[in-house]
Amino acid sequence: QDSTSGTGPQEAEGSAGRHAVDLKLDPETADPHLLLSADLKQVSFTRQVKDVPKNNKRFSYWFVGADKCFSSGRFYFEVSVGQKEEWILGLIEESLPRNNYPVSGLWALYFRMDKFYTYGKEKVPVARGKVERVGVFVDYDKGLISFYNVETATCIYSFSHCGFMEEICPCLCPCDLDLLSIPANCNLSAS
């Protein structure tokens, strides 16, 4: 069952310290239309296709993955989306083929203008509003992924009963020319 209730703002706030992970973007996973910053904390879209080595980890649909994947426990990270009007943020099963859009094994939130949708087989509207920084709390063992508005410590949406069977990796898509970023201490970002 998916919802907007999540684990609660207090747990999200506490998780930032207790379960925070330091993430960078993995250049080997970046779609050739994406530009990564030198510190691997920011990503933006470009119309020019970069010449990059082919590999099984590389996305072909404007996504980039993080440098770490997880197979147990709890973890938390943040992404700065700034004033962007469109972006996608979530987690994907590590073994999924990256050359086709996945129909399962991807749990993501899609934002466009002032609406949040689930991103997967279907785009289901789940909330309205704006956010500048998104916190993502994952309890792997409980099959839970919760997305939070960091500024207000409120849950935007939660995927529950995910039934993870393998490593899951944070992933994101900037969707447009504006930048996405991961804050320096534990985060990824977009602007």
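The values are calculated or read from the model by the stated rules, or taken from the named source; none is laboratory data. As the structure is a prediction and not an experimental result, all values here were calculated from the model. Backbone-built Cβ (ideal geometry, glycine too); neighbour counts: all protein chains shown.
Applying the condition of being out of contact with any Phe, Trp or Tyr (no Cβ under 7 Å at 6 or more places or on another chain) and among the charged types (D, E, K, R) to the stretch 87-126 and asking which residue is nearest to K57 (Cα to Cα) yields E94. Kindly provide the set of residues from the stretch 141-158 that are more than 17 Å from H19 (Cβ to Cβ) and in contact with a strand residue (DSSP E or B) (Cβ under 9 Å, 6 or more places away or on another chain), ordered by number. Correct list: N149, E151, T154, I156, Y157.
Looking at the stretch 140-155, which of the residues that are part of a strand (DSSP E or B) and surrounded by fewer than 22 Cβ atoms within 10 Å (Cβ to Cβ) is farthest from the chain's Cα centre (by Cα)? Break it down into steps so the answer makes sense when it comes.
Taking the stretch 140-155 as the starting set, the residues that turn out to be part of a strand (DSSP E or B) are 144-149, 154-155.
Cutting the leftovers down to surrounded by fewer than 22 Cβ atoms within 10 Å (Cβ to Cβ) gives us 144, 149, 154.
Working: L144: 14, N149: 13, T154: 17 Å.
Restricting to residues being part of a strand (DSSP E or B) and surrounded by fewer than 22 Cβ atoms within 10 Å (Cβ to Cβ), the top hit is T154.
Only a single criterion out of (1) at pLDDT 95 or above; (2) more than 14 Å from the chain's Cα centre (by Cα) is not satisfied by L25, namely (2). Of all residues assigned to the stretch 1-17, none qualifies as being buried (at least 16 other Cβ atoms within 10 Å of the Cβ), among the β-branched types (V, I, T), at pLDDT 85 or above and within 20 Å of G135 (Cβ to Cβ).
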